[in-house]
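Colleague: Got a structure for you, questions after.
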Amino acid sequence: MKLCLACEKNFSSGDWQCPFCGKGPGRVEGFPSFAPELSEENANYPSDGFERLAPLEEKSFWFQSRNELIVWAVGRYFRPEGKFLEIGCGTGFVLSRIEREFPKLECFGSEIYGSGLRHSSKRLKRTELLQMDARRIPFREEFDVIGLFDTLEHIPDDQGVLDQVHRALAPGGGVMITVPQHAFLWSYLDEYTHHARRYDRKDLARKLEKSGFTLTVATSFVSVLLPLMWLSRLGQEKPKDFDPEAEFKIHPWLNRLLEQILAAERALIRAGVRFPWGGSLLIIARKV
């Protein structure tokens, strides 16, 4: 069901005009907009982040590896049909892969920035896009799966977002989350990208349970590379010529090597191994 954010009533009509109060969303980049005041600038992500990120994703071992893990998890823990929403879809990199791998899924993507929607629309073929603040989701009991992939750490009120996600999921639906992990890995890159936190597994599990979810699976990933990540942050000071994309601009041979290492790690996860530590965390939970 759709939810009118003006009068708080549910409806199921084909368009977004509320049949009760007559109000509807505006448009940003040609898409329905539910938080237009936040579409150009807000405190959750650098406003130029998508322009910087889009050219790097398809070449980066980290983004490619995370996509492989997400696609496996969707196929392993959910039905390959129904409705899928990605909150914070960014440039559409994840959703473009989900579109291809799961043709029976009805895909939706939301982004708070209009510039993100502009990039997503270039990559996506059949996804319905909307501009939205995750703290006010205009749906109730609508989706079978909701994904937040390196999005939740940007939002100070993560508990409120999890509450909203729970309400937007259909009975028996589930949420998939990836987040950066371990406070001891905090660096100036976290500050640049407007992270509110790096997560502890138990803390995120508690927040999910508080919102009404039951944990299905939790595993760290990028675990094999954790010692290197830790060493790179020892005694770290922000350089004067700081380049936030430097860690993605590595030599092709090293990029291939790191992808092979993470491919071996994914094989272990698929086989049932659950890593207790790692640079990132994958959690899947079901709506009670």
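The values are calculated or read from the model by the stated rules, or taken from the named source; none is laboratory data. Keep in mind the model is a prediction, meaning the values are calculated, not measured. We place every Cβ from the backbone using ideal geometry, glycine too, and count neighbours over all the protein chains shown.
Colleague: Checking the conditions here, which among Ala54, Ala6 is within 16 Å of the chain's Cα centre (by Cα) and either at negative phi or of a type in the set (Asp, Glu) (or both)? Steps first, answer last, please.
Modeller: Values: Ala6 fails: within 16 Å of the chain's Cα centre (by Cα).
Result of the check over Ala54, Ala6: Ala54.
Colleague: Checking Pro55 against (1) in a helix (DSSP H, G or I); (2) at pLDDT 95 or above; (3) not β-branched (Val, Ile, Thr), which single condition isn't satisfied?
Modeller: That leaves (2) as the condition not met.
Colleague: Still on this structure: From the list Val179, Val217, exactly one residue is hydrophobic (A, V, I, L, M, F, W, C) and crowded, with 19+ Cβ neighbours inside 10 Å. Which is it? Steps first, please.
Modeller: Working: Val217 fails: crowded, with 19+ Cβ neighbours inside 10 Å.
Among Val179, Val217, only Val179 is hydrophobic (A, V, I, L, M, F, W, C) and crowded, with 19+ Cβ neighbours inside 10 Å.
Colleague: Condition (residue is in contact with a strand residue (DSSP E or B) (Cβ under 9 Å, 6 or more places away or on another chain) and closer than 30 Å to Val273 by Cα) applied to region 113-124: is it met by at least one residue?
Modeller: no
Colleague: Is there any pair with a first residue in region 30-50 that is of a type in the set (D, E, K, R) and a second that is part of a loop (DSSP other than H, G, I, E, B) and surrounded by 14 or more Cβ atoms within 10 Å (Cβ to Cβ) whose Cβ atoms are under 8 Å apart and which are 6 or more apart or on different chains, and what are they?
Modeller: Glu40/Tyr113
Colleague: Mind listing whichever residues of region 139-176 are at positive phi and either buried (at least 18 other Cβ atoms within 10 Å of the Cβ) or among the aliphatic types (A, V, I, L, M) (or both)? I'd like the intermediate steps shown before the answer.
Modeller: First, the residues of region 139-176 that are at positive phi: 141, 150, 172.
Selection gives Asp150 alone.
Colleague: Kindly provide the set of residues from region 9-46 that are more than 21 Å from the chain's Cα centre (by Cα), small (Gly, Ala, Ser) and within 16 Å of Leu117 (Cβ to Cβ), ordered by number.
Modeller: Once the filter is applied, which keeps residues that are more than 21 Å from the chain's Cα centre (by Cα), small (Gly, Ala, Ser) and within 16 Å of Leu117 (Cβ to Cβ), region 9-46 yields Gly26, Gly30.
Colleague: Scanning region 249-288 for residues that are basic (Lys, Arg) and outside any loop (DSSP other than H, G, I, E, B), which turns out farthest from Ser65 (Cα to Cα)?
Modeller: Let us first name the residues in region 249-288 that are basic (Lys, Arg), namely 249, 256, 266, 270, 274, 286-287.
Within this subset, residues satisfying the condition of being outside any loop (DSSP other than H, G, I, E, B) are 256, 266, 270, 286-287.
Details: Arg256: 11, Arg266: 8, Arg270: 13, Arg286: 24, Lys287: 27 Å.
Top of the filtered list is Lys287.
Colleague: Shifting gears a bit: Considering only residues that are among the small types (Gly, Ala, Ser) and farther than 18 Å from Arg201 by Cβ, look in region 219-250 and name the one that is modelled with the highest pLDDT. Break it down into steps so the answer makes sense when it comes.
Modeller: So the first thing to find is which residues in region 219-250 are among the small types (Gly, Ala, Ser), and the list is 220, 223, 232, 235, 246.
If we keep only those that are farther than 18 Å from Arg201 by Cβ as well, we get 232, 235, 246.
Values: Ser232: 78, Gly235: 63, Ala246: 67.
In this case the residue turns out to be Ser232.
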